[in-house]
Amino acid sequence: MKHSMNIGKRILPYLLLVASLSASAQDNLPLKLWFNKPSGKTWENALPIGNGRLGAAVYGNVETEIIQLNEHTVWSGSPNRNDNLLAFDSLGEIRKLIFEGKQKDAEQLANKVIVSKKSHGQMFLPVGDLRLKFEGHDSYEKYYRELDIEKAIAKTSYSIGGITYTREVLASLPDRVIVLNLTASKPASLSFQAFFAAAMPNTTVKALPGNQLSISGVTVDHESVKGMLKYKGIAQLKTKGGTVLSTDNSLLVKNADEVTIYISIASNFNNYNDVNGNENERAASWLNKAVVKPWYAIAKEHTKAFQQYFNRVKFNLGAGGEAAKLPTDERLKQFANTNDPNFVTLYYQFGRYLLISCSQPGGQPATLQGIWNNKVHPPWDSKYTININTEMNYWPAEKTNLAELHEPLISMVKELSVTGRQTAHDMYGARGWMAHHNTDLWRINGSVDGAFWGAWPNGGGWLSQHLWEHYLYSGDKKYLASVYDVLKGAALFYADYLVKHPKYGWLVINPDESPENAPRAHQGSSLDAGVTMTNQIIFDVFSSVIRASSVLGKDAAFADTLKHLRSQLPPMQIGQSGQLQEWLDDVDNPRDNHRHISHLYGLFPSSQISPYRTPELYSAAKNTLIQRGDISTGWSMGWKVNWWAKMLDGNHAYKLIQNQLTPVGTGEGGTYNNLFDAHPPFQIDGNFGCTSGITEMLMQSDDGVMALLPALPDLWLAKGSITGLRARGGFELISMEWRDGKLVKAVIKSTLGGNLRLRVPNEVKSASGVTMKKANGKNTNLFYQTEEIAAPKISEKATVSKPDLKPVWSYDITTQPGKLYVFREL
């Protein structure tokens, strides 16, 4: 013990130095989106702020400023279910048709008996705008606006007649309000009209006593579901100097020195089955607590709370030269043809900024657009598409040290496990719980949009793995016990719903589909039996419950049942084009460039495919990626960054980053001026997917190891550093530095103890006085155990070469809880 304490004393000064150097390096590179012109009428130019409950898009317009507002529970509709009760009686016929190769007939029947005849999901809605209209501000100069993602404050400034006007806006994390502060360099210079502009019909906007404005209403009906969400927004103005007059629906500020506007919004939503809250009391309560605080106090407390999350990770690739001096929209235009490493770090941290801003404990999960939407009928309803998009939103949560922000999704999965029990029973005659490919605020589980998309039965299975992933990073057994029944319920559904394939003898799901794609051999129908992605998800669901059962010492008999069922799942298969087959039959088209490559789920986010454990499958996955191509929708390119990182090909991963960071309209996908990802239209999942992918380029913690610098592109080889990443098994990468593609220093903290298997691109030595053994054999750390998968079935026509991997060094280190371990270049 004394020896360990001495080691800790020797390490501490080093850690402080590393942290200081990393912080100062990044502090010299301001993490700001900035522009030299207003947003105009384009919402995708506006700058997003949020606190997990409230979101705002700040336009930065001079004459009429627009603060477009969202509240996380303002959705259309009301508590409802959308199951199709005709499904169970028709399952036998649908299965028979699919097994007979009559997929189109099966799809037509599924459209009648599986797809919902009620709601296809409700819509996430905008509350409205707060607008500030300034007379005589049409001629201005020295315009500047920014979003400081290190402080989470948006700012606009400009000059008129020698007077500089400044506006700052934030969405306070601790105070749950949006606050706007307006100043001028000359006293008595602020004069404007403030008013709410409604977004929805049947909205009431009016001025109230006490320099207040209010906006209230009831959300719209949608697809036969009555709108019952009542919402209330209140804005209160506090002025220094000047006067405030009111009309019926606006406030007129005259000759003020400074104005602070506090905005509070709330609804009557209690939970997915209860809308009996009091929106008026809630909105007033949060407002009354905030208005007694001056702007500087609000801003200080907000930034402090925000930085408790944001500052955990510092990332430095260099300054970026002349390109870093350009406005963000100009940098975006030039990025593909310039070496601008700081733009990568800005985009990476912008993803973390967005997750902090739109997903807070106790709030709703990030929707398809996070917490930002200006349309009453948004694309895809801005709800939760759970055949990829919602899951992708949370890929950065654990690894980029934002684990607490996973909580809204975990809570939603728990709720879906309750509502999904009835769906599993009534539609499929199964125990456990399930969800299809979409859900919403009301936690619907039924099939929507049409059988081609909506007959996919794996939304619950995939989402359940986020609960397991949260455990793998924390090792919290109390938490695992609290979610065990949710994990078990997902496995129970599959255990009951699997059927034996009459041709192959494997256990498969039928009806099934590979999300949103169809082979030509199926007459344009997506329906099939036992598709690859589904088999991979079931494998993970069974494996996580088997391991959770072992950790908690319970349900051994059920775990044995799952092991038996797992052994009968179809193996992944390699087809005649050397590809990983998307379907059981070898019907892939090597010229198919479809945006979904769902059967590579096994490569990422799962770890069933590995260059070291399953080289044939790894090579087949690479062939699939090459055949599908790079250019696609924004979220698809975000996923591909992760895949190419898992391919250990940093240059190709970087190419995908370049493709994604291309102005929207110059090709498929791309990025808007405010760095929102474009499907197009805007979908936030691509932002989160790319942040996850960049992390995977720098550190991976699956496949039984913590791999450092597994996929560095040539442009990042010279030098770089990152701090604060988290790894499975309770490890934190306190800091890492590299030069010339070699790991120079790494400091790793073990929170749980156990075996750490380290994989690095060059030989390293321990500076902590611990024994490093060359890795040999199976990793003994439970968190790193990788389940054995069946050997791939390879087509006789396939040509699959084993990967040519770069040399790596692997070490086993026995760690102790709470200890720090330092490694340096040999």
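The values are calculated or read from the model by the stated rules, or taken from the named source; none is laboratory data. Note that this is a predicted model, so its numbers are computed, not measured. Cβ: placed from backbone, ideal geometry, glycine included. Neighbour counts: every protein chain shown. Keep in mind that these areas ignore ligands, DNA and RNA; they rest on the heavy atoms of the full protein, side chains included. Shrake-Rupley method; radii C 1.70, N 1.55, O 1.52, S 1.80 Å.
Every residue in the range 207-235 that is touching a residue at least 40 places away in the same chain (Cβ under 8 Å), open to solvent by 30 Å² or more (accessible area, probe 1.4 Å) and within 23 Å of E258 (Cβ to Cβ), please.
N211
Select from the range 366-394 the residues that are in a loop (DSSP other than H, G, I, E, B), in contact with a Pro (Cβ under 8 Å, 6 or more places away or on another chain), crowded, with 24+ Cβ neighbours inside 10 Å and of a type outside the set (A, V, I, L, M) and list them in ascending order.
Selection gives Q369, W372, N373, Y394.
Name the one entry in D585, D560 that is more than 24 Å from the chain's Cα centre (by Cα) and in contact (Cβ under 8 Å) with a residue 12 or more places away in the chain.
On the way: D560 fails: in contact (Cβ under 8 Å) with a residue 12 or more places away in the chain.
None of the other options fit; the residue is D585.
Do you know which residues across the range 216-251 are within 27 Å of G77 (Cβ to Cβ), of a type in the set (V, I, T) and either touching an Asp or Glu at 6+ places or on another chain (Cβ under 9 Å) or part of a loop (DSSP other than H, G, I, E, B) (or both)?
Within the range 216-251, T219, V220 qualify.
Restrict the check to the range 42-56 and report whether at least one residue is open to solvent by less than 10 Å² (accessible area, probe 1.4 Å), farther than 22 Å from L368 by Cα, assigned to a loop (DSSP other than H, G, I, E, B) and modelled with pLDDT of 95 or more.
No: the range 42-56 contains no residue that is open to solvent by less than 10 Å² (accessible area, probe 1.4 Å), farther than 22 Å from L368 by Cα, assigned to a loop (DSSP other than H, G, I, E, B) and modelled with pLDDT of 95 or more.
Tell me, which strands (runs of 3 or more DSSP E) wholly within the range 648-767 include 1 or more residues that are over 20 Å from P605 (Cα atoms)?
Numbers: elements: 706-708, 719-723, 725-727, 731-739, 742-750, 754-760, 764-766.
The qualifying strands (runs of 3 or more DSSP E) are 719-723, 731-739, 742-750, 754-760, 764-766.
Got a number for residues in the range 63-91 being under 28 Å from G128 (Cβ atoms) and without any contact (Cβ under 8 Å) to a residue 40 or more places away in the chain? First the steps, then the outcome.
Keep residues of the range 63-91 that are under 28 Å from G128 (Cβ atoms), which gives 63-80.
Restricting the remaining residues to those that are without any contact (Cβ under 8 Å) to a residue 40 or more places away in the chain gives none.
Number satisfying all stated conditions: 0.
If I filter the range 254-292 down to residues being open to solvent by 30 Å² or more (accessible area, probe 1.4 Å) and free of Cβ contacts under 8 Å to residues at least 24 places away in the same chain, which single residue comes out as farthest from L182 (Cα to Cα)?
Ranking the candidates gives N276 first.
Look at the range 350-391 and say how many of its residues are closer than 18 Å to D440 by Cβ and either modelled with pLDDT under 95 or not acidic (D, E) (or both).
Total satisfying the criteria: 28.
Out of all the residues in the range 799-817, which are open to solvent by less than 50 Å² (accessible area, probe 1.4 Å) and at pLDDT 90 or above?
Step one: filter the range 799-817 for residues open to solvent by less than 50 Å² (accessible area, probe 1.4 Å), giving 800, 803, 810-813, 815.
Those that are open to solvent by less than 50 Å² (accessible area, probe 1.4 Å) and at pLDDT 90 or above: S810, Y811, D812, I813, T815.
If you go through the range 535-575, how many residues are farther than 14 Å from A491 by Cβ, open to solvent by less than 10 Å² (accessible area, probe 1.4 Å) and in a helix (DSSP H, G or I)?
1
So which residues in the range 239-291 are of a type in the set (V, I, T) and either touching a Pro at 6+ places or on another chain (Cβ under 9 Å) or at pLDDT below 95 (or both)? Reasoning before the result, please.
Here is the first cut: in the range 239-291, the ones of a type in the set (V, I, T) are 239, 243-244, 247, 253, 259-261, 263, 265, 275, 291.
T260, V275, listed by residue number.
I'd like to check which helices (runs of 4 or more DSSP H) are fully inside the range 445-507 and have at least 3 residues that are open to solvent by 20 Å² or more (accessible area, probe 1.4 Å) and in contact (Cβ under 8 Å) with a residue 12 or more places away in the chain.
In the range 445-507, the matching helices (runs of 4 or more DSSP H) lie at 459-474, 477-497.
Could you please find all residues in the range 256-301 being touching a Phe, Trp or Tyr at 6+ places or on another chain (Cβ under 6 Å), part of a strand (DSSP E or B) and more than 14 Å from Q236 (Cβ to Cβ)?
S267
Scan the range 508-524 residue by residue and report those that are open to solvent by 20 Å² or more (accessible area, probe 1.4 Å) and in a loop (DSSP other than H, G, I, E, B). Can you show your working first?
Residues of the range 508-524 that are open to solvent by 20 Å² or more (accessible area, probe 1.4 Å), as a first pass: 516, 518, 520-521, 523-524.
Across the range 508-524, the qualifying residues are E516, A518, Q523, G524.
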